[in-house]
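Visitor: Sharing a structure with you now.
Derivation of every value follows stated rules applied to the coordinates shown; laboratory data play no part. What you are looking at is a predicted structure, and each value in this text was computed from that prediction instead of being measured. For neighbour counting, all protein chains shown are included, and Cβ atoms are generated from backbone atoms with ideal geometry for every residue, glycine included.
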Amino acid sequence: MAKNEEFIKKQGLFEVIGKYFVLNKSQDSYIQGWLTIDKTLKAFIKNLKEEIEYELDLENIFIENYILYSIDINNGSLIEIKDDKKLNNIRRNDKILIVLLDKRINLNKIEDIPILQKWYLDSVANYEI
């Protein structure tokens with residue numbers, strides 16, 4: 001790593017970007033895009049909420065009705081993001097896939113939801129910032 005890049009990272013000016021996927025509770029519609037992964041879970045959820053509201057043209061989404069996950073690129077497993085420590089571990093990855101699912105969706109693995117599995121496979125194959 002160049003000294004310049006190391007300095008930028010230490011100063012907190014380095015942005016971490018990831019892909020996100022939000023699935024509605026009926027599992028027939030989703031939104032996706034790119035989003036900055038903030039250093040704190042609170043800030044990240046706030047930005048994610050604003051992005052969803054903008055994309056869906058909503059005034060307010062009840063983010064409390066959703067569970068936030070990351071997908072492990074190596075094995076396709078879902079990792080629930082509950083705190084800053086888990087979020088910051090995810091921020092270290094080269095490729096970041098974030099998934100927001102309604103709590104009422106019964107999910108054990110991404111293969112349980114074909115639309116999510118397709119997005120995952122497409123995202124891994126075509127991950128470009």
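Visitor: ARG92 is checked against (1) surrounded by 12 or more Cβ atoms within 10 Å (Cβ to Cβ); (2) under 21 Å from TRP34 (Cα atoms) and fails just one. What number does that condition carry?
Guide: (1)
Visitor: Still on this structure: For region 71-90, which residues satisfy the criterion of being among the β-branched types (Val, Ile, Thr) and under 15 Å from LEU116 (Cα atoms)?
Guide: Listed by number, the residues that qualify are ILE71, ILE73, ILE79.
Visitor: Then there's this: Looking at (1) over 14 Å from the mean Cα position of the chain (by Cα); (2) over 20 Å from GLU15 (Cα atoms); (3) surrounded by fewer than 16 Cβ atoms within 10 Å (Cβ to Cβ), find the lone condition where LYS82 falls short.
Guide: (1)
Visitor: Additional query: Hey, among the residues in region 28-60 that are farther than 13 Å from LEU100 by Cβ and among the aromatic types (Phe, Trp, Tyr), which one's farthest from the chain's Cα centre (by Cα)?
Guide: Among them, the one singled out is TYR54.
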